[in-house]
């Protein structure tokens, strides 16, 4: 067994040579979970607040606070737009969640989402040059039910402090009402990353995967396993990008979506799913095995696997099938198993497998672009622009069946994405600040470099210490023993 080396893209190499592919896949999941717990305890989380202005002598306290700061208060009072210039508001995002749908772990109680929300803030800072804070809230009403109106009211109340809101891990159907209401009622962009973000990066991966198999988005047959916030939004964004809804079939826990789903028609909370019932699956196919026959693309965002997606479904698909198995933390089928069943391209939501299709590629650049031009909302066209920005960046440096889109360690992708999103916001008429693409790119690139350089400096100076080697080794040894 190799010494732990987290710089390896392929963590399979740290496991014993006699491990099967299935054992390595299980081992990686266990190892990363164990290491996450120990390192989060070691650091006490992964985000801190640090000043951006200096204390150059005693009287600077009087500049940054009273009496000098009174001028800042009255200036913003007289013109609220100056809050973007005189405070950090223009580069500050609230990551808001009621923690009712955390990854594949379900309702984790309000503070249970802090790990994920801090993770969002961490990635926004390092990848997008955006400051963010995790706000996990209690959405229970007096009846003991999760109330979407409580989330809506909270976001409306805190929006004066932020340049944008990132909604996260809110269960359906509440997530639909929360997003659609806040997109219209707020004066700042409100973005639901589980839905819009996942749709954006899925479209990016799909665009390049289809290039590799020489198929057109408008012509392919697609089956969707799962019809939650992510997959319904993926379907909606794919349609907006040119996919044919009549060549789509979606499945939720009760079966396929179609015009005869009276349960969805009768429940106004599921209006997004009902919209897709009316557009997709014109033949009312009800069995997933039948729907998979001849399909070009399978997109699964359902429940963690493995073995949720069956090999026989993939074997029944068309020529050079594309399979996205993106449940977290464990995909619906492991990539090796999907390949054994005949999949030509396999993507998951995880970075320790090839072709990570994860919203971490989207939200740092998308929100940065929206903030740069002070967009009032993130339109669907902005999300689609981000998807093609990601796809084009990857195509320029070369793509193949195991490398269909950009990865988080390609720092250059995020300023391009931010600039393309900013330009689309201007074209859509939702931007308050007008600038050229070169100006947007330069601003994003500068801020991202600043954030990355600051993080690396803190590491070099020893303020962020590398976790003890025995902590990493303990996590690996534990995972190996659990698998054996």
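The values are calculated or read from the model by the stated rules, or taken from the named source; none is laboratory data. As the structure is a computational prediction, the values presented were derived from the model and not from experiment. As a convention, Cβ positions derive from the backbone with ideal geometry for all residues, glycine included, and neighbour counts pool all protein chains shown.
Within region 241-281, the set of residues being touching a strand residue (DSSP E or B) at 6+ places or on another chain (Cβ under 8 Å) and either on the phi > 0 side of the Ramachandran plot or assigned by TED's automatic domain parsing to the domain that holds residue 173 (or both) comprises 281 only.
Checked against the criteria, residue 56 does not count as at pLDDT 95 or above and surrounded by 17 or more Cβ atoms within 10 Å (Cβ to Cβ).
The residue that is surrounded by the most Cβ atoms within 10 Å (Cβ to Cβ), counting only those in region 10-47 that are part of a loop (DSSP other than H, G, I, E, B) and at pLDDT 95 or above, is 47. Consider region 154-179. How many of its residues are out of contact with any helix residue (DSSP H, G or I) (no Cβ under 8 Å at 6 or more places or on another chain) and closer than 19 Å to residue 368 by Cα? The total comes to 1.
What tally of residues in region 85-107 results from selecting those that are under 17 Å from residue 145 (Cα atoms) and either touching a helix residue (DSSP H, G or I) at 6+ places or on another chain (Cβ under 8 Å) or buried (at least 22 other Cβ atoms within 10 Å of the Cβ) (or both)?
Here is the first cut: in region 85-107, the residues under 17 Å from residue 145 (Cα atoms) are 97-101, 106-107.
Among the residues that remain, those that are also either touching a helix residue (DSSP H, G or I) at 6+ places or on another chain (Cβ under 8 Å) or buried (at least 22 other Cβ atoms within 10 Å of the Cβ) (or both) are: 97-101.
Looking only at that region, the number is 5.
For residues that are at pLDDT 95 or above and more than 26 Å from residue 189 (Cα to Cα), tally how many sit in region 67-106. Spell out the reasoning first.
Quick first cut of region 67-106, residues at pLDDT 95 or above only: 67-100.
From what is left, the residues that are more than 26 Å from residue 189 (Cα to Cα) are 67-71.
Looking only at that region, the number is 5.
Out of 408, 457, report the one residue that is surrounded by fewer than 21 Cβ atoms within 10 Å (Cβ to Cβ), touching a residue at least 40 places away in the same chain (Cβ under 8 Å), closer than 24 Å to residue 121 by Cα and outside the structural domain of residue 230 (by TED's automatic domain parsing).
On the way: 457 fails: touching a residue at least 40 places away in the same chain (Cβ under 8 Å).
Selected residue: 408, the only one of 408, 457 that is surrounded by fewer than 21 Cβ atoms within 10 Å (Cβ to Cβ), touching a residue at least 40 places away in the same chain (Cβ under 8 Å), closer than 24 Å to residue 121 by Cα and outside the structural domain of residue 230 (by TED's automatic domain parsing).
Taking every residue in region 61-80 that is touching a residue at least 12 places away in the same chain (Cβ under 8 Å) and pairing it with any residue that is surrounded by 13 or more Cβ atoms within 10 Å (Cβ to Cβ), at least 6 positions away or on another chain, the pairs with Cβ-Cβ distances below 8 Å are 72/86; 72/87.
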